[in-house]
Number of protein chains: 2
Amino acid sequence: MLLTVTLNTALDITYHVPALIPHASHRVDSVTERAGGKGLNVARVLSALGHETVVTGFAGGTTGEVLRGLLAGLPPTDALVPVAGTTRRTIAVVDAASGDTTQLNEPGPAISADEWDAFLTAYGKLLADADAVALCGSLPPGVPVGAYAQLVKQARGAGVPVLLDTSGEPLRRGIAARPDLVKPNADELAQLTGSREPQRATRDARRRGAHAVVASLGAEGMLAASPEGTWQALPPARFEGNPTGAGDSAVAGLLSGLVEGLPWPDRLARAVALSAATVLAPAAGEFDREAYEDLLPQVLVTEHTPPA
Amino acid sequence: MLLTVTLNTALDITYHVPALIPHASHRVDSVTERAGGKGLNVARVLSALGHETVVTGFAGGTTGEVLRGLLAGLPPTDALVPVAGTTRRTIAVVDAASGDTTQLNEPGPAISADEWDAFLTAYGKLLADADAVALCGSLPPGVPVGAYAQLVKQARGAGVPVLLDTSGEPLRRGIAARPDLVKPNADELAQLTGSREPQRATRDARRRGAHAVVASLGAEGMLAASPEGTWQALPPARFEGNPTGAGDSAVAGLLSGLVEGLPWPDRLARAVALSAATVLAPAAGEFDREAYEDLLPQVLVTEHTPPA
């Protein structure tokens, strides 16, 4: 099975309002809730692609109950670790007219040292059955900043390929533990390496410890730098829509391609097509399967010549 | 005891952010939750003034559980009626720099006909022990728009003085059932009567059925029109702060003054002082007791000569 880790799960709440006006009062037209956090989004796409998938991380309090209720009975399988604190909410306020979204993210519950130890034990057991693992998103308060380095090492020790998708200091520490793959976006990559030139920055990220680096560059598609070579994958067009979850769908494309043994160009094409099909889907974080199948053969992948 | 009715209770959530920027992503610095809805705010102030107070209305779902948890063990007494739907949330996003608030209010759970009947039965029983009742706030979906007219009639039938604080069509219908007191703000009064001239509008509201009308006019204080006369009460100064709950504190001042048999000028002074002390309190919907006691003797109440 495939394992995804979401240490800072979230109850994702979407509000539709006619238009968000600062310092005014708004009556919300519609309220929707989904189980969120990057690893949960990745897991749903992996399940939709036909992979047996398990989610772990933390959940607690009344919002944690609601989140687990939303996961119940559907793939992926819930292996979240209970905590005393309350799972955070995220509020996405969508303007009805423009479709533009204003995002409010709570920080998440404080995780105790005992809860972190309980997670490490659960994670170790889950790794025994995992074909690959994705470590996704921000760290809740109380989790050590080197958490991902520890989880990467544990996966490597168990012989399980590990993908890391985070940002800031947790990425900087995690990458030094030599994950098989990191998937930063342009901002995360620039923050890590100090460079906004993708070729240079992906090479730098590999030198920092990642076996392979796939940078997601929005409309410029994705750039993969790996021991096997360097490829750029471009979507066939620029798509208008809701980019929420597009990066998570790309992670699912890369992880599934890795365990299926696909060559790099096919992995990238899948990641780019899934990402675009997520932007095109009406609900945030879902992907449009028809659009995905339509786009997949249209993704243009080119190999870069190695630098002199 | 004093009874307050909040048909559309709410879990009031406050987020502090550096500044709310439409279509940007925000990390919330702090999250606080309180049991909300106008009647709950009124009841807390009544309790703080030393009155035995009971709250009723609806609560359901996980947010209803959280709300009841926040009420537990403290006055006022919880006599909320359980419903299958989920109690709404309200989100107040406070800009740290300016203190300005952006409000997002969910619509509330759908109430079934059976749930409404269960409420009417519970309300009838509670009226038997009530010295006065305040009917407060908006109606959740499914509750008949004439709900407050029905509740006013039931209170009058039981000989219990009834205060109505709502807006729009529920106010229009409710006022025709002849409540003892309504407390519209300037906008609600203008919507009801078509007039922005307070003297004219309060007279019109009385003709529509209210025994007495107290209009809350912000910095212009309050205007009371009653069979005993017409008074204007002015705060000693203009106060900067968070106006959330100021109107609810005024309702508590008026209701407590009514059951204590205070003359109109004293009721109005109490309402204006409580209202100002709520604006001055650091937490939304609380009042600053020291400020209240300081302001009370400073409120200027003048009697208007009757219209020719």
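All of the numbers you see were taken from the coordinates with simple rules; none came from a lab. What you see is a predicted model; the values in this text were computed from it and never measured. Using ideal geometry, Cβ is built from the backbone for each residue, glycine included, and neighbour counts are taken over all protein chains shown.
Any idea what the relative contact order of chain A is, in percent, if you count C-alpha pairs under 8 Å spaced at least 6 apart?
Once normalised by length, the contact order is 14 percent.
Over the Cα atoms of region B:180-308, Rg to Rh with Kirkwood Rh, two decimal places?
With Rg and the Kirkwood Rh in hand, the quotient comes to 0.95.
For A:Glu33, place a label point 7 Å from Cα along the Cα-to-Cβ direction in every copy; what are the distances to the other copies, in nm, shortest first?
So the label point of A:Glu33 gives 1.0 nm to the other copies.
What whole-number value in cubic angstrom gives the convex hull volume per residue for the C-alpha atoms of region A:1-43?
Output value, Cα hull per residue: 90 Å³.
Where the label is 7 Å out from Cα toward Cβ, how close does A:Thr121 come to the same position in every other copy, in nm, shortest first?
Reported distances to equivalent positions: 4.9 nm.
For a Förster distance of 41 Å, can you work out the FRET efficiency between the beta-carbons of A:Ser30 and A:Asp117, rounded to the nearest 0.05?
Given R0 = 41 Å and the Cβ-Cβ separation, E is 0.50.
Modelled label-to-label distance, B:Leu217 and B:Thr305, 7 Å Cα→beta-carbon offset: nm?
Inter-label distance under the simple model: 1.8 nm.
Summing +1 for each Lys or Arg and -1 for each Asp or Glu, what net charge is found among the other residues whose Cβ lies under 12 Å from the Cβ of A:Thr193?
+3
How large is the helix-only mean residue ellipticity at 222 nm for chain B, computed as the sum of -39500 (n - 2.57) over DSSP H runs with n ≥ 4, divided by its residue count, in deg cm²/dmol to the nearest 500?
-11000 deg cm²/dmol
Name the chain A residue nearest the rotation axis between A and B, going by Cβ position, and give the distance in whole Å.
A:Thr62, 2
Got the B:Pro82 label distances to the other copies yet, label 7 Å along Cα→Cβ, in nm, shortest first?
2.0
Can you check what the net charge comes to around B:Ser98, using other residues whose Cβ is under 15 Å from the Cβ of B:Ser98 (Lys, Arg +1; Asp, Glu -1)?
With Lys, Arg at +1 and Asp, Glu at -1, the net is -4.
Please give the Cα centre distance for region A:249-266 versus region B:114-146, rounded to the nearest Å.
58
Does region A:43-193 come out rounded, prolate or oblate by the C-alpha gyration tensor, with a ≥ b ≥ c the root eigenvalues, rounded set by a/c under 1.5 and, if not, prolate when a/b is larger than b/c and oblate if not?
Because its axes are fairly even, with a/c under 1.5, region A:43-193 counts as rounded.
Using only Cα positions of region A:2-304, each an equal point scatterer, no hydration layer, compute I(q)/I(0) via Debye at q = 0.09 Å⁻¹ and quote the log10 values to two decimals.
-0.42
Could you calculate the FRET efficiency of B:Ser195 with B:Thr77 from 1/(1 + (r/R0)^6), where r is the beta carbon distance between them and R0 is 25 Å, rounded to 0.05?
Taking R0 as 25 Å, the efficiency between B:Ser195 and B:Thr77 is 0.05.
Is the shape of region A:44-96 best called rounded, prolate or oblate, per the rule: a/c under 1.5 gives rounded, else a/b larger than b/c gives prolate, else oblate, with a ≥ b ≥ c the square roots of the Cα gyration tensor eigenvalues?
Since a/c reaches 1.5 but b/c is at least a/b, the shape of region A:44-96 is classed as oblate.
Once Rh for region B:249-301 is found with the Kirkwood sum over Cα pairs, what is the Stokes-Einstein diffusion coefficient at 10 °C and 1.306 mPa s, in µm²/s?
148
Taking θ = phi - 60°, what integer Hz values does the Karplus form 6.51 cos²θ - 1.76 cosθ + 1.60 yield along region A:292-304, in sequence order, with x for Gly and Pro?
Computed from phi, the couplings for region A:292-304 are 4, 5, 6, 7, 3, x, 8, 5, 9, 10, 10, 8, 8 Hz.
Reported to two decimal places, what Rg/Rh ratio describes the protein assembly as shown when computed on Cα atoms with Rh from the Kirkwood expression?
For the protein assembly as shown, the value is 1.08.
What average number of partner chain Cβ atoms lie no more than 10 Å from the Cβ of the residues making up A:83-96?
Neighbouring Cβ atoms belonging to other protein chains average 2 per residue here.
Quantify how strongly other chains surround peptide A:25-31 by giving the mean number of their Cβ atoms within 10 Å of each of its Cβ atoms.
Per residue, the average neighbour count from other chains is 5.
Report, ordered by chain and residue number, the lysines lying within cross-link reach of A:Lys153, taken as a straight Cα distance under 27 Å and ignoring same-chain residues fewer than 8 apart.
A:Lys38, A:Lys125, A:Lys183
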